[in-house]
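Report on the following structure.
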Amino acid sequence: MPGAVIVHHHARYKTYPGDVTGFVFYSCLVASVGGCIFGYDIGLSAGLTSTESFLIMFFPDIYRQQKEEVITNQYCKFDSQELSFFGSSLFLSAALASLFASPMARAFGRKWTLFSAASAYVTGACMGSVATTFTVLLIGRLLLGVGVGLCIHASPLYISEMAPAQQRGMLNILFQFMITIGILSASLTNYLTARFIGGWGWRVGLAMGAVPGGIIALGSLAIPDTPISLLSRGEAEEARAVLSQIRGIGPDDSRQEYDDLVSACEDSKSVANPWRELLFGGRYKPQLVISLSVPFFQQLTGINVIMFYAPVLFKTMGFHGDASIVSSVITGLVNVFSTFVALMTADKVGRRALFLQGGTQMIISQILVGTFIGLQFGLSGTGAISEQYAMCIVLFVCVYVAGFAWSWGPMGWLIPSEVYPLAVRSQAQSITVFVNMCFTAFIGQIFLTLLCHLRFGLFYFFGAWLLLMTVFIAVLLPETKCVPLEEVSHVWRKHWFWRKLVVDTSADARGAEMRKRIALEMS
């Protein structure tokens, strides 16, 4: 495949002394908890909008409609655009907040952006837990969205900039690992609080969101900002001290990496308007294509349809009343353990290998799940799945979730955070988060309508997208494992396709071009 042209990174790119110290791991672990608040809200929302006492208090008309409407078509579940929009409001708020995250991270640093995110999230969780009116509930949810938007902007950036190049993938995937922990924790919280007498358990579930938020807020006060962020704000001595501390070596041993950071910082200052340069300058065209495509494709993997349909499948296997929580816990456990696989292998086998293997696995699973459901429900959507069919489908659901958890799940956050130079890195991360949140909200809003109209063909629809995405990765994504962030721009110049479009304006490139021109004139 022509895309597989970048290999042997250790021989081609610089390696700096130092390893993953305990301090680096602690700092990255604190930042990665930002994924936990995102995952917790994803998992909690599903249980929240199906809790009777919650609906009676804030959506009484929708509750009455749900009780009155009898649906036998398995494809066409109760669809309330108002309730869907309430769920999507967090993602829209997060998308808007991500646009403000870039100037905030640039002016105050990654550390204080994390602190601000955690403060907004804790406030939102507390407001939601005590809300008695829809206005207070909505304001609390919007604040949760602000916290999520700022956090998923700053967390991957912080981890990528703190981690040594050889372990950047492993440490960055901590973010996705925490997302899966958050989803699993929310599923267990939904299960336990649903048994509270009086129907007020959902308040406890909302209040529990303040726990990971508080961990980030307090933890961020005990971690330093990244060296490159400190340098970009003129704090050179502190940047040098932090670099020596996180690498566990003396200032002399870290001099080479420090000098490269200084050079990258100087290059970034030459970009007067990062937003204009990023969107219209043409210099970062390859990176822009990737940072727009990866979050867009991540939402078209079909993970939503798989997660939605799991309770129906488990109910046919005899779980009945607890089908929803059992399916959530089982798929949640598969998600957690499979993400751990990515965490251990991303820096060994590379990003492309996980993308291609996971994508192929997901394509096969989507086609098989769609076929099994189509054979049982047909176009009418009536009938029931036999226990034998259900066991096969559950197996392939877990295979699919595993494939997502070690490919598009973690790589969807890792790749955009490491492909940009410092000059536009924060702005590019804002675009990534904005696209991801907007399409998360969009898919959530139209999903039930799509399922009702496309029926089992929806699985083939997402399978076709997965095929397109896997080809896209195979052809157009260069390998970035073990490449220092300061040298990642060279990756694009060596790629068989992107090198035709890259505008190289670095000092080394200009010097090489001048020497070449002088040599030609002298000959």
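A compact table of results
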quantity: Where labels lie 7 Å past Cα in the beta-carbon direction, separation of Leu467 and Gln65 in nm; calculated: 3.7
quantity: With DNA, RNA and ligands ignored, accessible area of Ile415 (1.4 Å probe; Å², nearest 10); calculated: 0
quantity: Part-to-part distance (alpha-carbon centres) for the stretch 107-138 and the stretch 448-463, which is given in Å; calculated: 35
quantity: Helix-only CD estimate at 222 nm, as mean residue ellipticity for the chain, using -39500 (n - 2.57) per DSSP H run (n ≥ 4); calculated: -25000 deg cm²/dmol
quantity: Two-site FRET efficiency, Ala107 against Ser270, from Cβ-Cβ distance with R₀ of 25 Å, rounded to 0.05; calculated: 0.85
quantity: Partnerless Cys - the chain, beta-carbon criterion under 4.7 Å; calculated: Cys28, Cys36, Cys126, Cys151, Cys265, Cys392, Cys398, Cys438, Cys482
quantity: Cα gyration tensor category, rounded, prolate or oblate, for the stretch 388-451 with a/c compared to 1.5; calculated: oblate
quantity: Pairwise label distance in nanometres, Thr132 with Cys452, each label 7 Å out on the Cα-Cβ vector; calculated: 3.6
quantity: Gyration tensor (alpha-carbon) shape descriptor, the stretch 181-304, a/c threshold 1.5; calculated: oblate
quantity: [x] 0.95; [y] 1.23; [z] 1.01, with the label sought being that of the calculated Cα Rg over 2.2 N^0.38 Å; calculated: [z]
quantity: Three-way shape call for the stretch 348-460 based on the alpha-carbon gyration tensor, with the a/c threshold at 1.5; calculated: oblate
quantity: Charge dipole (the chain, unit charges on Cβ, about Cα centre) - positive-most of Gly378, Leu184, Gly35; calculated: Gly378
quantity: With DNA, RNA and ligands ignored, accessible area of Glu68 (1.4 Å probe; Å², nearest 10); calculated: 140
quantity: Fraction of accessible area attributable to carbon and sulfur, the stretch 349-422 (%, probe 1.4 Å); calculated: 75
quantity: Computed FRET value (nearest 0.05) for Val289 with Ala353, which takes r as the C-beta separation and R₀ as 25 Å; calculated: 0.75
quantity: For the stretch 429-477: accessible area per residue (Å², 1.4 Å); calculated: 36
quantity: Rough spin-label spacing in nm, given labels placed 7 Å along Cα→Cβ, for Phe85 and Leu501; calculated: 3.7
quantity: Exposure rank, largest accessible area first [Met307, Met362; 1.4 Å]; calculated: Met307, Met362
quantity: Cα-based equivalent ellipsoid, the stretch 142-191: semi-axes from gyration tensor eigenvalues, Å; calculated: 24, 16, 4
quantity: Over the chain, relative contact order from alpha-carbon pairs under 8 Å, at least 6 apart, %; calculated: 26
quantity: Cα convex hull of the stretch 235-293, projected area averaged across orientations, nm²; calculated: 5.5
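The values are calculated or read from the model by the stated rules, or taken from the named source; none is laboratory data. Everything quoted here is computed from the prediction, not taken from an experiment. Neighbour counts are summed over all protein chains in view; Cβ atoms, including those assigned to glycine, are modelled from backbone coordinates with ideal geometry. Note: areas computed on protein heavy atoms with side chains; ligands, DNA, RNA excluded. Shrake-Rupley method; radii C 1.70, N 1.55, O 1.52, S 1.80 Å.
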